[in-house]
Structure formats: C-alpha cells, structure tokens
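Chemist: I'd like to ask some things about the structure below.
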Amino acid sequence: GEGGLDLGKLMQDPQVQAMMKQMMSQERPQGKAAADGRSYVNETLGFSLKIPEAAKDWKLQPKPPAPASVIVTNDAEQAQVNIVTQNLPLAMPIESMGAMIEMGPKMAMQDYKKISAGLIETDGKKGYEMQYEGTAAGQRLRSIQRVYIVGSTMIVVTAMAPLEKWEKNEKAFTELLKNFSFIEPKQEKKAAPDKPEV
C-alpha cells in the first residue's frame, strides 16, 4: 500500500526469515478428536470442525505435524482441509492483511492465479477468504483459504485438491468449511494479581 512496507523485500531479509521459521515451529495448544473420529474441538484456541455426511470418506488427523492443528483428508482424492494456527507478535486487523495473506501462496506456488479474494464473516468473526490456483511439486492445485485473527492468534483454514479433482470434491469442501465454527475459548486460570498498595 501507499507508504506501506515492501513485503517481498522484507521476506528476503534473513532476520525476518529466521523469525518466521521460529514462529512456525512454536508449540500449539492441542485439541481433541471425538471418540467417533468425526469432529475436533480446540477449547484453548476456541474453534471446532465437524466432518459432514457429504464427506463420509474423509478422515480426521487430530495430531498432525506442526504447524497444522488438525487435518481432514480424503486420501483417495488427494484432497484435504487443514487448520494452521499461528501466534502473531501483535494483534492486527484482518482488513489490513490481504496483501500479506496472498503473499503466502504466491511465494509457495508457480503460475499462481487468484480467482477471488475478499472479507467474510464466520460466527461474528471477520475473516479474509481467497480462492486460487497454483502449481506445487509439479501438480496444479486449487484452493480456498480462510484466514481469521482472534486476539493475537491467526487461524488459517485451507481446503485444497488437485485441479482435476476439485469439482468432484467441491461439495465436501463447502460442507467442511461450513462446519468450521468458533466456540468460546476456555481461559487458563491464573492467580489474581496483587493489588498495588495506595
């Protein structure tokens, strides 16, 4: 933006790259899968995801490798929905983050093509949704990505599949994204601070 940061140049900075690497490897609060393996709740971060009927062949992986919090996959279709959470150094308004959010897939993919992008709302929380295509590891992929900022945590929900399998999985993706919801996060109990003496 006018008078804003040159994010491309910023990302070439070794200090910024080191900070990003450190942020991505942070420990994340663990969530829990239901006994039937069809839903997941992360009470600390305040969100849940349920596998709908339209996605009966999909499986939940509640403890995937970092930085993901949960992954839902349909291996036969090479399709997945994953949720990645990231602590931010400071709370930022989602309205100002569009260019930064788009930079992720632009850097990770070749022949990046934006289909749509704009603000959305889920359970009263503002988000930014992007739909795009790009090539990674020699495969053309299609994706819907939704990014929310809750307090100082960024929550990224991504649905992705090979381009030729997108249409077949679109209904399951739509239902899975609809079944992502925010819940009231459980606060960790802390001792009350001592009152300063007057």
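Chemist: When segment 96-116 is examined, which residues are found to be open to solvent by 100 Å² or more (accessible area, probe 1.4 Å) and farther than 11 Å from Glu133 by Cα?
Modeler: Passing the criteria: only Met107.
Chemist: Continuing with this model, one more query. How about segment 117-136: which of its residues are open to solvent by 70 Å² or more (accessible area, probe 1.4 Å) and free of Cβ contacts under 8 Å to residues at least 12 places away in the same chain?
Modeler: Once the filter is applied, which keeps residues that are open to solvent by 70 Å² or more (accessible area, probe 1.4 Å) and free of Cβ contacts under 8 Å to residues at least 12 places away in the same chain, segment 117-136 yields only Glu121.
Chemist: Next question. Out of (1) closer than 17 Å to Val81 by Cα; (2) loosely packed, with under 15 Cβ neighbours inside 10 Å, what's the single condition that is false for Ser152?
Modeler: Tallying (1) closer than 17 Å to Val81 by Cα; (2) loosely packed, with under 15 Cβ neighbours inside 10 Å, Ser152 fails exactly one: (1).
Chemist: On the basis of being at pLDDT 85 or above, open to solvent by 60 Å² or more (accessible area, probe 1.4 Å), within 29 Å of Lys186 (Cα to Cα) and out of contact with any helix residue (DSSP H, G or I) (no Cβ under 8 Å at 6 or more places or on another chain), does Glu27 make the cut?
Modeler: no
Rundown of residues vs (1) modelled with pLDDT of 85 or more; (2) not β-branched (Val, Ile, Thr); (3) not in a strand (DSSP E or B), yes/no style:
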{"position": "Leu60", "(1), (2), (3)": "yes, yes, no"}
{"position": "Pro64", "(1), (2), (3)": "yes, yes, yes"}
{"position": "Ile71", "(1), (2), (3)": "yes, no, no"}
{"position": "Ile83", "(1), (2), (3)": "yes, no, no"}
{"position": "Gln86", "(1), (2), (3)": "yes, yes, no"}
{"position": "Ala91", "(1), (2), (3)": "no, yes, yes"}
{"position": "Glu95", "(1), (2), (3)": "yes, yes, yes"}
{"position": "Ile101", "(1), (2), (3)": "yes, no, yes"}
{"position": "Gly104", "(1), (2), (3)": "yes, yes, yes"}
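Chemist: Given the conditions (1) in contact with a Lys or Arg (Cβ under 9 Å, 6 or more places away or on another chain); (2) in contact (Cβ under 8 Å) with a residue 12 or more places away in the chain, report the number of the one that Met97 does not fulfil.
Modeler: (1)
Here is a yes/no grid of residues against (1) farther than 12 Å from Leu45 by Cβ; (2) among the hydrophobic types (A, V, I, L, M, F, W, C); (3) part of a helix (DSSP H, G or I):
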{"site": "Tyr148", "(1), (2), (3)": "no, no, no"}
{"site": "Met154", "(1), (2), (3)": "no, yes, no"}
{"site": "Trp166", "(1), (2), (3)": "yes, yes, yes"}
{"site": "Glu175", "(1), (2), (3)": "yes, no, yes"}
{"site": "Glu184", "(1), (2), (3)": "no, no, no"}
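The values are calculated or read from the model by the stated rules, or taken from the named source; none is laboratory data. Because the structure is a prediction, the values reported are computed rather than measured. Because the Cβ atoms are built from the backbone with ideal geometry, glycine has one as well, and the counts that use them run over all protein chains shown. With ligands, DNA and RNA removed, areas are computed over all heavy atoms of the protein, side chains included. Shrake-Rupley method; radii C 1.70, N 1.55, O 1.52, S 1.80 Å.
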